[in-house]
Every structure is written in structure tokens, then in C-alpha cells.
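Heads up: the structure comes next, in C-alpha cells.
The values are calculated or read from the model by the stated rules, or taken from the named source; none is laboratory data. Computed from a predicted model, the values in this text were never measured in an experiment. Cβ placement follows ideal geometry from the backbone for every residue including glycine, while neighbour counts extend to all protein chains displayed. Quick note on the areas: whole protein, heavy atoms, side chains included, nothing else; ligands and nucleic acids left out. Shrake-Rupley method; radii C 1.70, N 1.55, O 1.52, S 1.80 Å.
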Amino acid sequence: MDHQNIELRHSISPEMFCRLREQVNFQKVSQRQAKKILENTSYICAVFYNNEPVGVTRLLFDYGTDAYITDVIVNPDYQGCGIGRLLIENVLNYIRQNVTDTKVVCKSGKRRFLSSLWF
């Protein structure tokens, strides 16, 4: 993977979001549902490689005390290339820039990975 061809964007189309979800066998959602999901997300970070989406994460954030990182999705063809780390580092930087006293909630299987990046 040529890292010079990676671009971070803070939006993604509902169609692309649905496609990424399907690539990792996440629950299928309609494009209408995806549009609502994306509209009600506090922060989105999408990784594009050669202008194609290869990863996305979403943040639900009250900008006070709680931030919930959800939908950390990486196309299986790009897993192990640092895309997940890039997504999480980006969203954690966003949290740090927007509030000082935040509790980050994640699924138990991801705590070790997340805490290695947070501190």
C-alpha cells in the first residue's frame, strides 16, 4: 500500500458507507438508514485509498463528558495496513481537541488497542 495515496475525509456517501459495512459483514442497512445514521453522527473519519473508501469510523459525542467510537470498519483487503490505527488516532485527536474530561467507551475486545493509543 502506497501511503501517499491515502486521503482522510470527514464525510462518506450513504452508498459507500453501506458498501464498507457489507464488506465486513456488519448489519445491512438501507441507503435511507445510512443517510440518517451519517446525519446523526457527531464526527466521521473515512480513509480513501486511490479515491476509494477503505475504512470509516464514527463518533457519537456529547462534547461534554462522553464519546462513543462506533463502526470502526476496514475493508478486509486493507486490514493489517494501519488503516484502523489511523482511524482511531484521528478520532481520538478530535476528542482531545474538543473536550478535556472525556470517557471513551468501546467494546471490551477493543479496550487494549484503544488504550494503547489514548495515553
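Numbers below:
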item	result
Percent RCO, i.e. relative contact order, over the stretch 41-88, from Cα pairs under 8 Å lying at least 6 residues apart	33 percent
Three-way shape label, the stretch 1-67, alpha-carbon gyration tensor, a/c 1.5	oblate
With all protein chains modelled, accessible area of Glu39 [1.4 Å, Å²]	100 Å²
Mean separation of Cα contacts under 8 Å (6+ apart) over length of the stretch 1-107, as relative contact order %	25 percent
Cβ-placed point charges (K, R +1; D, E -1), dipole of the stretch 1-105 about Cα centre in debye, nearest 20	280 debye
Nearest-10 value in Å² for the accessible area of Cys81, using the 1.4 Å probe	50 Å²
Between the stretch 1-39 and the stretch 54-73, the Cα center-to-center distance that results, in Å	14 Å
Simple spin-label estimate for Asp62 and Asn93 in nanometres, 7 Å along Cα-Cβ	2.7 nm
Selection from Pro14, Ile69, Cys45 lying farthest towards where the dipole of the stretch 1-70 points positive, charges on Cβ	Pro14
Estimated distance in nm for a label pair at Arg19 and Glu52, the labels positioned 7 Å out from Cα along Cα-to-Cβ	0.8 nm
